[in-house]
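As structure tokens, the structure follows; a few thoughts come after it.
Each reported figure results from applying straightforward, stated rules to the coordinates on display, with no laboratory input. From a predicted model like this one, the values you see are computed outputs, not experimental measurements. Cβ atoms come from the backbone with ideal geometry, glycine included; neighbour counts cover every protein chain shown.
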């Protein structure tokens, strides 16, 4: 979807997905403060994987619409 005043389309993120991503990030911060680096790494890997899926979907949508990526 294209937001008013923006040159490129964006991606809609469901509220529950946004909440899950934020929860994972909060967990990683707590684990980092506790110096639990193994679990911090796992939480950050999970977050990176989920964001990667969203980005991949965006890139596919842009390609199918014939729009160059803004990055």
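Structure above, values below:
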| quantity | calculated |
| --- | --- |
| Subset of the stretch 9-19 (residues that are assigned to a helix (DSSP H, G or I) and surrounded by 12 or more Cβ atoms within 10 Å (Cβ to Cβ)) | 17 |
| Matching residues in the stretch 20-66 - criterion: being surrounded by 13 or more Cβ atoms within 10 Å (Cβ to Cβ) and either outside any helix (DSSP H, G or I) or in contact with a strand residue (DSSP E or B) (Cβ under 8 Å, 6 or more places away or on another chain) (or both) | 36 |
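Conditions (1) over 12 Å from the mean Cα position of the chain (by Cα); (2) within 25 Å of residue 69 (Cβ to Cβ), marked per residue:
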position	(1), (2)
2	yes, yes
22	no, no
37	yes, no
50	no, yes
